[in-house]
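What follows is a single structure, written as structure tokens, with notes after it.
The values are calculated or read from the model by the stated rules, or taken from the named source; none is laboratory data. Treat the numbers as computed from the prediction; the structure is a model and nothing was measured. Here the Cβ positions follow ideal geometry from the backbone for every residue, glycine too, while neighbour counts run over all protein chains shown. These accessible areas exclude ligands, DNA and RNA; they are computed on the full protein's heavy atoms, side chains included. Shrake-Rupley method; radii C 1.70, N 1.55, O 1.52, S 1.80 Å.
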Amino acid sequence: QVQLVESGGGLVQAGGSLSLSCAASKTIFSITTMGWHRQAPGKQRELVASITSVGTTIYADSVKGRFTISRDNAKKTVDLQMNNLKPEDTAVYYCRNSGYGIDVWGRGTQVTVSS
């Protein structure tokens, strides 16, 4: 069964940076899509960024120009570099692996941005 483990969350001041990482195991990583989603208290989970097996990326409008998603197929990891963080970026961030019948989520990591 596919397993995803996120790391790198924490507390940061507005304007600061954080890097999240997700390690995948037991998955056909190289041909599936990886994504980061987030869920703030009282809000629906939303897509932050995704990257396909060939490197095509999609970003939410709210993070364009500030966040960068990348993947390493050899290491089976996907990273999310978050710069110029804002208080509205505060949420639990989830890693997702999808495609070819796979749709698996990690347990999430908390990101808190103080003003």
>> Out of the residues in the stretch 56-66 meeting the condition of being open to solvent by 40 Å² or more (accessible area, probe 1.4 Å) and assigned to a loop (DSSP other than H, G, I, E, B), tell me which one is farthest from ALA91 (Cα to Cα).
In response: THR56
>> I'd like to verify a number: residues in the stretch 34-52 that are surrounded by fewer than 19 Cβ atoms within 10 Å (Cβ to Cβ) and within 15 Å of the chain's Cα centre (by Cα), how many?
In response: 6
> What are the residue pairs meeting all of these: first residue in the stretch 104-115, first residue closer than 13 Å to GLY8 by Cα, second residue in a loop (DSSP other than H, G, I, E, B) and of a type in the set (Gly, Ala, Ser), Cβ atoms under 6 Å, and 6 or more apart or on different chains?
Replying inline: THR109/GLY9; GLN110/GLY9; VAL111/GLY9
>> For a quick check of your reading: which strands (runs of 3 or more DSSP E) sit entirely within the stretch 1-40 and have at least 1 residues that are within 14 Å of GLY99 (Cβ to Cβ)?
In response: 3-7, 18-25, 33-39
> Among SER70, SER30, SER25, which is the only one that is touching a Leu at 6+ places or on another chain (Cβ under 9 Å), over 23 Å from VAL12 (Cα atoms), of a type in the set (Gly, Ala, Ser) and open to solvent by 30 Å² or more (accessible area, probe 1.4 Å)?
Replying inline: SER25
